[in-house]
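The values are calculated or read from the model by the stated rules, or taken from the named source; none is laboratory data. Since the structure is predicted, the reported quantities are computational estimates derived from the model, not experimental observations. Cβ placement follows ideal geometry from the backbone for every residue including glycine, while neighbour counts extend to all protein chains displayed.
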Amino acid sequence: MLHRRSLLAATALGLASPLAAPRLARAQAGAHVIGTLFPMAGPNAEYGGIFTSGIQLAIEHITADKMLQRPIDLRAQDSQGTPQGGAVGMTKLANVDRAPYVLLGFTGVSKAAAPIGTRNKTVMINGGGVGPDLAELSPYFWNVIPLVNQEVQAMLPWLQAQKLLKIALVYVDDPLGTGVLSELKNGLPGIGGQLVGSFSIPPATQQFAAIAARVRDSKPDAVYFASYGAQQSQIVKQLRDNGVSQPLLTYSGGSIPSVQALPEAEGLVLSGQAADWTREDPVTKRFVTDWRAKHNSEPTAYHQNYYNGMRLFGLLAQGLEKAGKPVDGENLREEWLRVKRFALVGGEGVFEERGTMSMPMQINQVRGGRSQKIA
Amino acid sequence: MLFLQLLVSGIQTGAIYALTAAGFALIFGATRVFHVAHGATFALAGYTFLALSQAGFPWFLGAGAALVVAVAFGLFMDFFVYRPIQRHEGSFFTVFVAAFGMSIVVQSLIEIGFGRGFAVVASPLTRAHEVLPGLYLADIFWVAIGVALVMFGAVTLFLERTRLGIGLRALSENPELLRAFGLSSRRLSMVAFGLGSALAVPGAVLTAVTSGLQPAISAQVMLVSLAAAVVGGIGSLRGAALAGLLLGVVENLVVSVLDTQWSAAAGFVVLFAFILFKPSGLFGQAVAR
């Protein structure tokens, strides 16, 4: 007779084996350990999948090109999109996995992880967080995405041209939201506009009918919202459902599929880095062609950023391997400072000392469920 | 007019909160099982409705399928999770961890099946119209109120007028005495889980249509359910319903005098106030020790 305990043990073994085998195979000696610190569960988990898919394509290309002598071992930690999750995940990646290079996103996560990464001389690459204070966060923290101050600055001339001068802002109360608030407060008077209402919300809020009533009451020409994850879709839907008919504006965080697919998001205007998929340079062309073939869809700026973040590691580590130097955080940073210009998707990426990368910006509008450039 | 608008929005939110909290209160009231997986029941019901709506089925078939899935999950939890634990005299903490673990499993399954993003069932009923200058009202408001009234009326009648309902109310008080009257506590526990899980369905369907779903929604559902259960008085169905309504109205009205940041927190200020000044809740019975 088969006892229940034996049955449970057998089941556990059966479940564990297929998971354990690739793990054992991957944990081969001398692999380059790369960490990812993304939200993989909870209301922001959609971003984790998007960010990781960009990295996976870059690893495929690095491997196919035999850029590195050693394989890449990708270790993922779930940041849950929270500073606490970021600190715990970064501690594991730096101290347990000994990853010299970690890709991460989200402003709060980045700010919590940066001191831990800096202490351990771990290079951190941000391709998703846009809080303005992510510039100069640490000598080991580099951004491959324009920060939100650049995004708002790009939006202002368009608002002036459209005569949308009275803006109401719905913003999540964290470094991203307060960054947008500060940029709009300072930037709108310069174009003859004003912030007629600013409504802060906690990151977990899901009901926006009351906020819609306050927004309507402020009689704006347009409504800017600064949030992320599932909350963005809830804001768009509930503002529209509750009688807010003015144009809706946001930053590049609104470029995720679940927002753009909403019928209520039709006409949503969003800023973002220039994403020209028609470029003829070999890196961009290969990225776009292979992305379309693999996913049967158009890549987004987030896919581009994390592809670039991973490719950057490939280029830096290749240089170090050729020079016979160990691939650790300190040497990666030295190599980065030495080279500074890299062939990336979207053209040559030029880094500034403060850890930011300058990029041209564009204004997009959601039309028929897809972002289209309008300015 | 802003105050009236916020009051109307609050009643709609509160009606959905009341429907959400009632099932948890019924199950806890009858069985004293801290059914944390009630949030998972809600999520399963919502996503079943979503799947059938996306597949082109009419709404009543979607709601019917959601009802079947919710009741089946509630009974599964009773049979295969709580009873084995109780048979081995598992503690409250064991029950809590088992139910919490099950919620995580359900969340992961939903993520695998439906993705990790936001999902909503589009309906013209959610679009508000200006009924008075500055006052917007959507048809879903009347649906939410109507469904809440019908559901609570039916469940109250069942609990007060039927032998099974009265047995259910007595279950938490004295299971031994129930046996003396020829009632089976196991059967009654099954009814409690079935009915309590069924009560999650209207709230889940309305949420799928209004504020939308995401795989991690069960945590929010449990937060509301717990707050309403405590404010209403532990185990009291009408208390949980009234408290859900109160929380929704407070969350919305507070925005007229305080920063919008305080909206979600206001409900929990009410919760703390009850814990401090009326721990037995609106309809709970004070227990002298």
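Remarks
- Leading residue by the ranking (farthest from A:Glu151 (Cα to Cα)) among those in segment A:171-202 that are in contact with a helix residue (DSSP H, G or I) (Cβ under 7 Å, 6 or more places away or on another chain), within 12 Å of chain B (Cβ to nearest Cβ) and of a type outside the set (Val, Ile, Thr): A:Pro202
- Only one of the listed residues (A:Thr36, A:Thr63) is away from chain B (no Cβ under 14 Å), part of a helix (DSSP H, G or I) and modelled with pLDDT of 95 or more. That residue is A:Thr63.
- Within segment A:203-215, the only residue that satisfies the criterion of being outside any loop (DSSP other than H, G, I, E, B), more than 7 Å from every other protein chain (Cβ to nearest Cβ) and touching a Ser or Thr at 6+ places or on another chain (Cβ under 9 Å) is A:Ala212.
- Here the condition is being at pLDDT below 95 and of a type outside the set (Val, Ile, Thr); of A:Gly54, A:Gly81, it holds for A:Gly81 alone.
- The lone exception for A:Thr118 - which of (1) of a type in the set (S, T, N, Q); (2) without any contact (Cβ under 8 Å) to a residue 40 or more places away in the chain; (3) not assigned by TED's automatic domain parsing to the domain that holds A:Gly54 it fails: (3)
- Test: residue in segment B:173-195 that is of a type in the set (A, V, I, L, M), more than 30 Å from A:Val244 (Cα to Cα) and part of a loop (DSSP other than H, G, I, E, B): yes
- The numbered conditions (1) loosely packed, with under 14 Cβ neighbours inside 10 Å; (2) among the aromatic types (Phe, Trp, Tyr); (3) closer than 25 Å to B:Tyr47 by Cα are all true for B:Phe92 except (3).
- A single member of A:Ala293, A:Ala317 is assigned to a helix (DSSP H, G or I), away from chain B (no Cβ under 14 Å) and out of contact with any strand residue (DSSP E or B) (no Cβ under 8 Å at 6 or more places or on another chain), and it is A:Ala293.
- Exactly one residue among A:Ser198, A:Ser245, A:Ser182, A:Ser233 is in a strand (DSSP E or B) and polar (S, T, N, Q), and that residue is A:Ser198.
- Residue identified as touching a residue at least 24 places away in the same chain (Cβ under 8 Å), part of a helix (DSSP H, G or I) and within 27 Å of B:Ala243 (Cα to Cα) among B:Ala144, B:Ala170, B:Ala154: B:Ala144
- Lone qualifier among B:Ser280, B:Ser225, B:Ser256 - being under 26 Å from A:Tyr171 (Cβ atoms), of a type in the set (Ser, Thr, Tyr) and touching a residue at least 12 places away in the same chain (Cβ under 8 Å): B:Ser256
- Filtered by the rule that a residue be at the interface with another protein chain (Cβ under 10 Å from one of its Cβ atoms), under 21 Å from B:Ile140 (Cβ atoms) and within 25 Å of the chain's Cα centre (by Cα), segment A:216-237 gives A:Ala230, A:Gln231, A:Ser233, A:Gln234, A:Val236, A:Lys237.
- Counted residues, segment B:98-132 - those being within 19 Å of B:Thr210 (Cα to Cα), assigned to a loop (DSSP other than H, G, I, E, B) and at the interface with chain A (Cβ under 8 Å from one of its Cβ atoms): 7
- Test: residue in segment A:310-321 that is under 30 Å from B:Ala119 (Cβ atoms), under 19 Å from the mean Cα position of the chain (by Cα) and in contact (Cβ under 8 Å) with a residue 40 or more places away in the chain: yes
- Filter result for the condition that a residue is within 14 Å of chain A (Cβ to nearest Cβ) and of a type in the set (Ser, Thr, Tyr), over B:Thr13, B:Thr48: B:Thr13
- Flag for B:Phe60 being in a helix (DSSP H, G or I), closer than 26 Å to B:Leu242 by Cα and aromatic (Phe, Trp, Tyr): no
- So A:Val130, is it closer than 30 Å to B:Thr210 by Cα, touching a Phe, Trp or Tyr at 6+ places or on another chain (Cβ under 8 Å), more than 14 Å from every other protein chain (Cβ to nearest Cβ) and aliphatic (A, V, I, L, M): yes
- The set of residues in segment A:59-107 being among the β-branched types (Val, Ile, Thr) and touching a residue at least 12 places away in the same chain (Cβ under 8 Å) consists of A:Ile59, A:Ile62, A:Ile72, A:Thr82, A:Thr91, A:Val102, A:Thr107.
- Looking only at residues of segment A:241-278 that are closer than 17 Å to A:Gln153 by Cβ and β-branched (Val, Ile, Thr), we find that the one that is farthest from the other protein chains (Cβ to nearest Cβ) is A:Val269.
- Per the listing A:Ile256, A:Ile235, the residue uniquely within 28 Å of A:Pro83 (Cβ to Cβ), modelled with pLDDT under 90 and buried (at least 21 other Cβ atoms within 10 Å of the Cβ) is A:Ile256.
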